Structure formats: structure tokens, C-alpha cells
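Colleague: Here it is, the structure, as C-alpha cells.
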Amino acid sequence: MPERRTVALVTLGCARNEVDSEELAGRLAADGWELVEEAAEADVAVVNTCGFVEAAKKDSVDALLEANDLKDHGRTQAVVAVGCMAERYGKELAEALPEADGVLGFDDYTDISGRLQTILSGGNVEAHAPRDRRKLLPISPAERQGAGVALPGHGDALASAPTDLPEGVAPASGPRAPLRRRLGNNPVASVKLASGCDRRCSFCAIPSFRGSFISRRPSDVLGETRWLAEQGVKEVMLVSENNTSYGKDLGDIRLLETLLPELAAVDGIERIRVSYLQPAEMRPGLIDVLTGTDKVAPYFDLSFQHSAPGVLRAMRRFGDTDRFLDLLAQIRTKAPQAGARSNFIVGFPGETEEDFAELERFISEARLDAIGVFGYSDEDGTEAAGYENKLDPEVVAERLAHLSRLAEELTAQRAEERLGETLSVLVDRVDDEDGVVGRAAHQAPETDGVTLLTTGQDLAPGRMVEAKVVATEGVDLVAEPLPLGAEHGAGCPEEAGR
């Protein structure tokens, strides 16, 4: 009988990392590893790190050190770093953090089982030397699909999936699709639509370690969605660095418009959500599909970042306050209840008081449901790190605090505007402390607030309920489920908005 090998995956960062962790879990389970939830109960603790901003990198290091402490008084024998921070820094991270027994890059994912076994057996897996992953793919998007480059979420072009898979492990579809095993039983799951990014925002290092943009084939996305539905998933969230570019390397920049109705038609799926949309790439046809397709959430996660023209140009982005407000008006004309969220950077090099006031004007008029605000900091390898006219850190901190307070007030006001609305709420969890907790179409997991249901009904996670908003708690809503039989009655605003 083979020796029992246990592994735990600790995931930090965004939904894309969560998908990567489930794909690593699938590969490991298919090769005989037993997956456990707690790192203290595992032979190997694998920490899927985030390398986006300083705070995320600190959280990743803290998680690695915490896992390392388990080696002194637990089952854990090895701690391994994977993910964006490991890919981005490689040998540098390994030298700076000797507590990690291994630092593995994306190229190691296809043989993750062998790498972990070597480390567990006391062997050495050399940390990789980071390089600009954009250079691994052709400049022309049309030539990228056949490139044999390791891309998390895109499978291994050189290997076919095992045929004898343990229960709960399955390839999304086809021989190139990755194996995947769900880590948990939440009724929502992310599906990776693409990897990488072709944009060159001056503050962002992601393209350098995630690579150029490459779409997954629609058949793989559909196959994975069907498999997730079989696992009990009710809501699928499409993730990538830039969903609005989907299909450009497959010969059809409007491919998302045709894919969304197909995904929404998958048996068992109640809601499809699209994240990470670029305002400069939004098009009327995509707005129509997002606002007018049954089971597709009218949800717009728009990456504005700022609204002052001068700051946006320095960021190598496009747009201005009035154009962005016009885009939101177009969306709400088609779907008055549509959800909209965004993130913003304050204190960017050269940001004047007038620029900051322009950003305040936009946020004050945009009626966004959720707002994330970040203070600018230099990121290794980015163009903006070399810019002059850096703002004093105290000024950045002051503007960050001011805009954060304003954002909190405005999003609470936006929640109050939803009083009396009837929403479709997907139940996420039921517990003694919070009761029945769900999310409406304008609320993505983890980032946008929740809807608390006041109910005597027997509701379980995964149930879709029509409910009327009766109160608010900051950005969160309190809603009363409609009586059975009244859920799809005439006059439901959310349906009318479609």
C-alpha cells in the first residue's frame, strides 16, 4: 500500500489564485496525495502567494512563516511557496526566506507532485530565475494559441489527463484542460477565462510575471462550467486579468458576447458573473449581453483607477470623468439595478490637488456599489517607479484616508438607494452568528458586501431566493424573502431591468 502523503493549500490573493490552487489540488489528488484543510495536519504546506502590492506580499511572507512554525510542533515537514510572489521573485525570495523549503514557479505546476515529493524526501528543487513572461509568447495574439508555455489555467499541451481519477477530480474538458478539485463546498466558483495581460499600465507589474494575454478556448470554459455544476456550484464567476479582451487571440474580440448565453444555459447554473472589465474596451454589444441575458448578472467590475485625464495618461490608461459617467449612464439605462464597482489609486506621481478633486467628483457622481481605494507605492520593475514628482508619503496617506471615508459614505448611500428593490439572492452560508447570508446580483464574493435574509424559511447554501430590501447596514443589505409563488411575479424590478 502506498505511503500516505498529505498536503494543504493555503491561498492568498485574488480569485485567479483560488482557481490555480484548485488546479494544483486536482493534480496532486490525481497522483495520490491526500488533501487536508489545515496546514498543521499536512506533511507539506503549499502557500499560494500574492505578489500584487506590498501589503499582499507581506501577508504572503507572514503565511509562509506561520506555516514554517508548524514544523516545530506539528505534522508539517515542509513549507513550499507557489503563486505570483514565487514566480515574480524566484531565487531572490528563496534566499531572503530560507524558512521556505521550496519556491516553485509556474513552470513547476505541471509536475507539482514530483516537486513536492522531492522536497518532502529532503531533496532540493532549485528556485527559478524570474524572467519577463511576456517574451515567452509571440507578440501577435493570433500566434499564441499553439505556444508550448506553462500557463496556469490552460493545462499542459504535452500531456493528456489521467483516465483513472479519484472522486471529485476531473479535467474541465479535453486533453489540454487542467485537472481541478474543489477546495470547499461554496456554491460559487471562479473559472479562468484567460491568463496574462497586454496592457502596459505604468503602475502594474502583473504582465511581467503573468505574461501576455491568452484566452482559453470556449469549449474548455464550457466544459469546466458543466463540471462545476455537477459539483453543486450555482454561480460561476469568470476571472482573468482583462475579460474584455477575451477572444482577440482566437480571431473574435466579441467571443465573450456569444459565450455568455451558452454558459448561462448550463443545467444547474443559476448565475454567471463577469469580473475585471476594462472601461476603454467596453462595447455596446457586451453591455447588451451583460444587461439583457437571463442568468447573467448585470454586474460591472470596471477598472477605472482614476478619472483625471493627466493622471490616467501617466498611468498609460484612457478616459476621463465625463466619459466614465457616460459609460455608467449607458449601463443603467439598460439595467437600472446594475451593480458597478471599481478600484482607485490615489497619490500617483504628479497627482495635483486639482486631479484629486476631479477624482472626488467622479466618485461622488458615479453611484458605485463598492469602491476600493489604494495609496500609490512603487512596484519593482514598473515604469512609474522611475517617475519624478513623487508625492510626499504623508500627502498620499492623507488623500487615501480622505477618499476612503468618502467612499464608505457613498457606498452606504448607494445601498440605501436599493431600499424597496426586489433582488435575486443566492444563499452563501447559514450560521448561528450571522443567520442566512447571501449575495444579490450586484455583490461579488468577498469584495462587495452581502445580503442578510430575515426568514423563517428553510434555506440552504446554493438556494436562489427573491427578496425585498427592507434595511441596510453600511454596504450590506437586509432583505425579506418573498412568499413562495411570488418570486417571479410581475413587476420585479430586477427582471424589468433586463
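Colleague: Under the rule a/c < 1.5 gives rounded, and otherwise a/b versus b/c splits prolate from oblate, where does the stretch 193-260 land using the Cα gyration tensor? If you can, show how the numbers build up before the last one.
Modeller: Working: a/c = 2.60, a/b = 1.68, b/c = 1.55.
The shape class here is prolate.
Colleague: Now a separate question. Okay, helix-only estimate at 222 nm for the chain: each DSSP H run of n ≥ 4 adds -39500 (n - 2.57), divide by all residues, round to 500 deg cm²/dmol; what do you get?
Modeller: It comes out at -9500 deg cm²/dmol, rounded to the nearest 500.
Colleague: Would you mind checking which residues have amide H under 5 Å from Phe213's amide H? H placed 1.01 Å from N; only 5 or more apart, or other chain.
Modeller: Amide H neighbours of Phe213, under 5 Å, 5+ apart: Cys197, Asp198.
Colleague: Could you pull out every residue, at least 5 positions away or on a different chain, whose amide H is within less than 5 Å of the one on Ser202? Hs are placed 1.01 Å off N in the peptide plane, and Pro or chain starts have none.
Modeller: Arg316
Colleague: With the cut-off at 1.5 for a/c, could you classify the stretch 307-433 from its C-alpha gyration tensor as rounded, prolate or oblate? The partial results should precede the final answer.
Modeller: Numbers: a/c = 2.24, a/b = 1.68, b/c = 1.33.
Since a/c reaches 1.5 and a/b is larger than b/c, the shape of the stretch 307-433 is classed as prolate.
Colleague: A further question on this structure: Quote the FRET efficiency, to the nearest 0.05, computed for Glu92 versus Thr333 with a Förster distance R0 of 51 Å and r equal to the Cβ-Cβ distance. Provide the component values of the computation, followed by the final result.
Modeller: Working: r = 50 Å, r/R0 = 0.98.
So, using R0 = 51 Å, E works out to roughly 0.50.
Colleague: Rounded to the nearest 20 Debye, what is the dipole magnitude of the chain about its Cα centre when Lys and Arg each give +1 and Asp and Glu each give -1 at the C-beta?
Modeller: Numbers: 53 positive and 86 negative charges, 351 e Å.
Here the size comes out at about 1680 debye.
Colleague: What pairs in Lys71/Lys192; Lys58/Lys91; Lys91/Lys248; Lys57/Lys135; Lys57/Lys295; Lys135/Lys248 have C-alpha atoms more than 26 Å from each other?
Modeller: Working: Lys71/Lys192 34 Å; Lys58/Lys91 17 Å; Lys91/Lys248 34 Å; Lys57/Lys135 24 Å; Lys57/Lys295 36 Å; Lys135/Lys248 18 Å.
In this structure, Lys71/Lys192; Lys91/Lys248; Lys57/Lys295 lie more than 26 Å apart at Cα.
Colleague: I'd like the distance separating the alpha-carbon centroids of the stretch 274-312 and the stretch 22-50, in whole Å.
Modeller: 35
Colleague: If you don't mind, there's one more thing I want to ask. So between Ala40 and His402, what do we pick up on full extension, going 0.36 nm a residue minus the alpha carbon distance? Please report the intermediate quantities before stating the final value.
Modeller: Numbers: separation 362, 0.36 × 362 = 130.32 nm, distance 4.14 nm.
Gain on extension, Ala40 to His402, equals 126.2 nm.
Colleague: Mind listing which GluC sites (Glu not before Pro) in the stretch 1-48 are in a DSSP loop and have 15 or fewer other Cβ atoms within 10 Å?
Modeller: Numbers: sites: Glu3, Glu18, Glu22, Glu23, Glu34, Glu37, Glu38, Glu41; in loops: Glu3, Glu37, Glu38.
Answer in residue order: Glu3, Glu37, Glu38.
Colleague: Something else now. Compute the accessible area per residue over the stretch 364-427, keeping the other protein chains in place, probe 1.4 Å, unit Å².
Modeller: Value for the stretch 364-427: 51 Å² per residue.
Colleague: Right, something else. Multiply the residue separation of Asn185 and Asp294 by 0.36 nm, subtract the distance between their alpha-carbon atoms, and state the gained length in nm to one decimal. Walk me through the numbers on the way to the answer.
Modeller: Values: separation 109, 0.36 × 109 = 39.24 nm, distance 2.48 nm.
The span from Asn185 to Asp294 would gain 36.8 nm if fully extended.
Colleague: With every protein chain left in place and a probe of 1.4 Å, what is the accessible surface of Arg75, to the nearest 10 Å²?
Modeller: The accessible area of Arg75 comes to roughly 90 Å².
Colleague: Shifting gears a bit: List every residue whose amide H lies under 5 Å from the amide H of Thr11, counting only residues 5 or more places away in sequence or on a different chain, with H placed 1.01 Å from N in the peptide plane.
Modeller: Residues meeting the criterion, in which the H sits 1.01 Å from N, are Asn48.
Colleague: Here's something else I'd like to know. Would you give the gap between the C-alpha center of the stretch 248-273 and the C-alpha center of the stretch 73-145, rounded to a whole Å?
Modeller: Cα centroid of the stretch 248-273 versus Cα centroid of the stretch 73-145: 32 Å apart.
Colleague: Next question, about the same structure. For the stretch 244-359, just say rounded, prolate or oblate: build the C-alpha gyration tensor, square-root its eigenvalues into a ≥ b ≥ c, call rounded for a/c under 1.5, and beyond that prolate if a/b exceeds b/c, oblate if not. Intermediate values should be presented prior to the final figure.
Modeller: Values: a/c = 2.61, a/b = 1.96, b/c = 1.33.
Prolate, because a/c is 1.5 or more and a/b exceeds b/c.
Colleague: Sticking with this one: Using the beta-carbon distance between Leu482 and Val395 and R0 = 56 Å, what value does 1/(1 + (r/R0)^6) give for FRET efficiency, to the nearest 0.05? Please list the in-between numbers first.
Modeller: Working: r = 50 Å, r/R0 = 0.89.
Efficiency at R0 = 56 Å is approximately 0.65.
The values are calculated or read from the model by the stated rules, or taken from the named source; none is laboratory data. In this text, all values refer to a predicted model and were calculated from it rather than measured experimentally. FYI the Cβ positions are ideal-geometry reconstructions off the backbone, even for glycines, and counts take in every protein chain you see. Remember, those area values only see protein heavy atoms, side chains included, never the ligands or the DNA or RNA. Shrake-Rupley method; radii C 1.70, N 1.55, O 1.52, S 1.80 Å.
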